[in-house]
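Participant: Before we start, here is the structure in question, set down as structure tokens.
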Amino acid sequence: GADATRWYLITNASPWDSLKFDVEGIKEIQRKFFGTLYNTYQFFVLYANVDGFRYEQQRIPENDRPEMDRWILSSLNSLIQRVTDNFNNYEPTQAGRDIENFVDVHLSNWYVRLCRRRFWKGEYETDKISAYQTLYECLESLCGLMAPIAPFFADWLFRNLNNVSNRFKETSVHHLMFPVSNATVIDQDLEKRMELAQDASSLILSLRKKVNIKVRQPLQKAIVPSLDKQMAEGIRKVEHIIMAETNIKEIEILDAGN
């Protein structure tokens, strides 16, 4: 009878054996995610201070913004959908990976890099204001998305943004509702076209590196294969981006459907 009240160890394994903590992995996340997001914020702050951007102007509708702005906002709202689904399905790890990929691949390495001239050149008019509003909205939404898994950094970033713009009366991101995806902003065709531009540019640049031809050396032509007519049309719509990114004068598309 007394044995019934006893606790027994099922195995000889230590409970700490089931915990996985990788210091190098933490350093990689610090560099690849938090470092990239911080640098993106610093870029925004640098030029917003120069131009006096405080998000005081009336918000420019998505349809009136340049294609690059519409693309990143579409990607952002697609991200909100995925992150929401992952959190609802108790998958915070996948949610974190989606946020990291958006910050690293889309926001920092593509949108900011391709749009940086819009921030430091030209008059403070519609195009530049659109760029500021778009980048600000991305940073602001990221605060809410990452709040459950990176509460302190998210709140620090939100306070820094909101203390200047005063878009919210709340003083903490944790007092706000979780971001909600705006389906009307999502343009899947645009996202697919931009993905083609990213993939094609990456492949061309890797080939340049493989044969040791520097990007500063212009090349006459790049031949890009496509799987079908639809893919060929998508490449054609973004070929100007591919040519600018890779310093290629002409893009020839091979349509496998022909």
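The values are calculated or read from the model by the stated rules, or taken from the named source; none is laboratory data. On a predicted model such as this, the values are computed, not experimentally measured, just so you know. Cβ atoms come from the backbone with ideal geometry, glycine included; neighbour counts cover every protein chain shown. Keep in mind that these areas ignore ligands, DNA and RNA; they rest on the heavy atoms of the full protein, side chains included. Shrake-Rupley method; radii C 1.70, N 1.55, O 1.52, S 1.80 Å.
Participant: Has segment 160-170 got any residue that is within 18 Å of Leu107 (Cβ to Cβ) and either buried (at least 18 other Cβ atoms within 10 Å of the Cβ) or at pLDDT 95 or above (or both)?
Facilitator: yes
Participant: Ok, one more. Of the conditions (1) free of Cβ contacts under 8 Å to residues at least 12 places away in the same chain; (2) touching a helix residue (DSSP H, G or I) at 6+ places or on another chain (Cβ under 9 Å), Asn88 clears all except one; give me its number.
Facilitator: Tallying (1) free of Cβ contacts under 8 Å to residues at least 12 places away in the same chain; (2) touching a helix residue (DSSP H, G or I) at 6+ places or on another chain (Cβ under 9 Å), Asn88 fails exactly one: (2).
Participant: Just to be sure, is Ser130 in contact (Cβ under 8 Å) with a residue 60 or more places away in the chain and either open to solvent by less than 70 Å² (accessible area, probe 1.4 Å) or in contact with an Asp or Glu (Cβ under 9 Å, 6 or more places away or on another chain) (or both)?
Facilitator: Working: in contact (Cβ under 8 Å) with a residue 60 or more places away in the chain: yes; either open to solvent by less than 70 Å² (accessible area, probe 1.4 Å) or in contact with an Asp or Glu (Cβ under 9 Å, 6 or more places away or on another chain) (or both): yes.
Taking the combined requirement at face value, the residue satisfies it.
Participant: Let me ask you something else. Where in segment 26-101 are there helices (runs of 4 or more DSSP H), lying fully within it, with 1 or more residues that are of a type in the set (Asp, Glu) and open to solvent by less than 20 Å² (accessible area, probe 1.4 Å)? Break it down into steps so the answer makes sense when it comes.
Facilitator: Details: elements: 36-51, 67-88, 92-101.
Passing ranges, in order: 67-88.
Participant: Would you say Leu114 is open to solvent by 40 Å² or more (accessible area, probe 1.4 Å), in a helix (DSSP H, G or I) and of a type in the set (A, V, I, L, M)? Let's see the steps before the verdict.
Facilitator: Working: open to solvent by 40 Å² or more (accessible area, probe 1.4 Å): yes; in a helix (DSSP H, G or I): yes; of a type in the set (A, V, I, L, M): yes.
Judged against the criteria, Leu114 is a match.
Participant: Might you check whether a residue that is among the acidic types (Asp, Glu) and at pLDDT 95 or above occurs anywhere in segment 6-21?
Facilitator: No, that holds for no residue.
Participant: Next up: Within segment 228-243, count every residue that is open to solvent by less than 80 Å² (accessible area, probe 1.4 Å) and within 26 Å of the chain's Cα centre (by Cα). Quick ask: steps written out before the conclusion?
Facilitator: Narrowing segment 228-243 to residues open to solvent by less than 80 Å² (accessible area, probe 1.4 Å): 228, 231-232, 234-235, 238-239, 241-243.
Narrowing the set further to residues that are within 26 Å of the chain's Cα centre (by Cα) leaves 231-232, 234-235, 238-239, 241-243.
The number of residues fulfilling the criteria is 9.
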